[in-house]
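Single-structure report; data block below.
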Amino acid sequence: MFLPSRVLRLGIVLFFLLGAARVYTKRPFADEGWFAASAMNILQNHHTGIQVADPLENAVTADQPVPGIDQHFYAWVPTHEALMAGWYWLFGFSLFVMRANALLWGLVALLSWWRVARFLTGNDICAALATLLIASDYVFIDAASDGRMDMMCMALWAAALAVYLELRASRLGTAILLSQSLVVLSCLTHPIGAVGFLCLMVLTLNLDLKRLRPFHLGLAALPYLAAALAVAAYVQSDFGAFWAQFSMGIGRRVGSSGSFLGSLVGEVRRYIDAYFPPYARQGVGALRLVVPLAFVSGILFVLTSAALRRATKLLVLLTATAAIGLCVIDAGKLTYYLVDVTPLYCLVVATSLAWCFTGRPTRRWMALVVCAVFLVVQISWIAGAVIRDPFHKSFLPMTDFLQKQLTPDSTVTASAELCFIFGFDPKRLRDDALLGYASGRHASFIVISQNVYGTAFESYRKKRPELAAYIDLTLGQRYEHLYQSDFYEIYRRRGEIGSP
């Protein structure tokens, strides 16, 4: 037990070091601003709306209206936002306080996966190694240093698996009730928690199908009944806005990709976007391909070894369930949902490496080299992002420049991450990705971030040329270009104080 415990402690320490470094240096994102705004609204005004989001036009849903979004958030149940309201009440509000919560959920997830790995492999060394690989995984660290709800959502369903495995042998009823409750909370935190629901079903049916009785089914149903009553109570005040927001969100999330083949192609693109984007295809950036190659190699190694395949049947089934579930549930193919499957990939890789460690000396040395390369690439990837420090070297210089231009009456159109500097007053700052096309509102300043408004504008050029023409006309004639950096542009309305 000495070696596994040391590896486990190393993984936990490494996780906190890497996660804290990313918390401090990561560039704020529009989603963080949105969900922070909802939490602050709960705390201050007792409603869940995202007050800076324009219902007609905003950065997150581009040119799709979101009725009532500034009054109530109904795309899903704001469980994370309610928790964060209490978190801010206890510790105060800031970008780093928000991200610290995700870091703690990351620890919950890490320990949960360690417990799951111990059961699925029956090997303490393998479980500790899996924890180390997960703790250094870029996708995992990215989610654990982000103000979105992804880490909380995944940690809840990972904890559900761990609790079930811990209690099922001696107290099956308690195991079912607690694990299903955690999965329900995960799904209420974000719809992608359905991946965890599928995994828990696979685990339960494979391990305890013959032990299940109607009583157990009744216990399993209780959390869903409680959740349904809570949701009904939450949405009844404005059912029209709820249905408009929820149906739009579900349609965007599980909408068809055109065909099964199209969905698979989109899933491949998700991984390419995460591990091999255009900016990483030259120089050392291409080494990031080591990570998905290690995942694929680990899966192939397990599948082609009869003895290992028999020993890890349930692990393979869970991994396939999570991967396919993610493919089906998230039609948007967004990279930050990969955190719901990469821990299982890491566990498969750890299982393959641990198997090799027990073989011939040559195989042991090869396994050590593969493990070392995998860790070095992942840690270097994270370290590179920390060294670039886009928060202090890009975001803050831009906001410092903008603050010097503002007068007490100035208004700003920008994606919601600027709330961390300018606050949540919709009269001062508004997320309006169409720049007044629908609202008729024309702010004193417009801030364009490359990954939010810039991406939206590119989408308009491909799908809505009339919107693209309006954007070009607005920026070219109504506004003057004031600031340009690696990631941001600032425009000032002509005739504004300080303009020529």
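Scan (i) 37.3; (ii) 25.3; (iii) 28.4 for the value of mean projected area of the Cα convex hull in nm² calculated from this model and give just the label.
Correct label is (ii).
Using a Förster radius of 22 Å, what is the FRET efficiency between Arg6 and Ala383 based on their Cβ-Cβ separation? Nearest 0.05, please. Each step should come with its number before you reach the end.
On the way: r = 23 Å, r/R0 = 1.02.
Result of the calculation: an efficiency of 0.45.
What is the extension gain from Gln403 to Leu225, computed as 0.36 nm multiplied by their sequence separation minus the C-alpha to C-alpha distance, in nm to one decimal?
59.1 nm
Need one number: % antiparallel among DSSP beta bridges in the range 391-493, to the nearest 5.
Working: 10 of 14 bridges.
That works out to approximately 70 percent antiparallel.
Using Cβ counts within 10 Å as a stand-in for footprinting exposure, how do Cys419, Cys126 rank, fewest first?
Least crowded to most crowded, the residues run Cys126, Cys419.
When ranked by the protection proxy of mean other Cβ atoms within 10 Å per residue, highest first, what sequence do the peptides 7-15, 354-362 form?
7-15, 354-362
Length gain on complete extension for the stretch Ser485 to Lys463, per 0.36 nm per residue less the alpha carbon to alpha carbon distance? Display every interim value, and only then the final one.
Details: separation 22, 0.36 × 22 = 7.92 nm, distance 2.72 nm.
That pair, Ser485 and Lys463, stretches by 5.2 nm at full extension.
Please compute the length gained on full extension between Phe215 and Leu303, using 0.36 nm multiplied by the number of residues separating them and subtracting their Cα-Cα distance. Display every interim value, and only then the final one.
Details: separation 88, 0.36 × 88 = 31.68 nm, distance 3.73 nm.
Working it through step by step, the gained length comes to 27.9 nm.
Rounded to the nearest 5, what % of DSSP beta bridges with both residues in the chain are antiparallel?
About 70 percent, rounded to the nearest 5.
What is the dipole size for the chain, taken about its Cα centre, with +1 at each Lys and Arg Cβ and -1 at each Asp and Glu Cβ, in debye to the nearest 20?
Its charge dipole is roughly 1820 debye.
Starting from the Cα of Phe96, step 7 Å toward the Cβ, then list every residue of the range 413-437 with an amide N under 18 Å from that point.
420-422
Lys/Arg Cβ at +1, Asp/Glu Cβ at -1, dipole of the range 362-500 taken about the Cα centre: which of Leu418, Leu435, Leu375 is farthest positive-ward?
The one lying farthest along the dipole's positive direction is Leu375.
Check which residues have an amide H placed less than 5 Å from Tyr483's amide H, if you skip close sequence neighbours.
Ile490
Between the range 73-152 and the range 161-180, what's the alpha-carbon centroid distance in Å?
Result: 21 Å between the Cα centres.
Placing +1 at every Lys and Arg Cβ and -1 at every Asp and Glu Cβ, with all other atoms neutral, what dipole size does the range 391-493 have around its Cα centre, in debye to the nearest 20?
The calculation lands at about 200 debye.
For Lys404, give me every one of the lysines with a C-alpha distance below 29 angstrom, ignoring sequence neighbours fewer than eight places off in its own chain.
Lys26, Lys393, Lys427
May I ask which residue of Leu475, Leu200, Trp76 lies farthest towards the positive end of the charge dipole of the chain, with charges of +1 (Lys, Arg) and -1 (Asp, Glu) on Cβ and the Cα centre as origin?
My answer, from the dipole projection, is Leu200.
For the chain, take the longest principal axis of its alpha carbons; what is the angle in degrees between that and the long axis of helix 313-329, to the nearest 10 within 0 to 90?
20 degrees
May I ask you to derive the relative contact order of the chain, considering only C-alpha pairs under 8 Å and at least 6 residues apart, and to give it as an integer percent?
Details: 748 pairs, mean separation 101.5, N = 500.
It comes to 20 percent, rounded to a whole number.
Please give the Cα centre distance for the range 183-206 versus the range 427-470, rounded to the nearest Å.
If you average the Cα positions of each part, the centres end up 37 Å apart.
When Thr79, Thr407 are ordered from fewest to most other Cβ atoms inside 10 Å of their Cβ, what list results? Can you show the working numbers first?
Values: Thr79 22, Thr407 9.
Ranking Thr79, Thr407 by Cβ neighbours within 10 Å, fewest first, gives Thr407, Thr79.
Would you list His392, His442 from fewest to most Cβ contacts within 10 Å?
His392, His442
Once label points are set 7 Å from the Cα along Cα→Cβ at both Ala286 and Met366, what is their separation, rounded to one decimal in nm?
A separation of 2.4 nm, rounded to one decimal place.
Given R₀ = 41 Å, FRET efficiency for Phe16-Tyr279 by Cβ-Cβ distance, to 0.05?
0.90
Here, each number is a calculation from the coordinates, and none is a lab measurement. Computed from a prediction, not measured in an experiment: that's the story for all the values here. Positions of Cβ are generated from backbone atoms using ideal geometry, with glycine treated the same way; all protein chains shown enter the neighbour counts.
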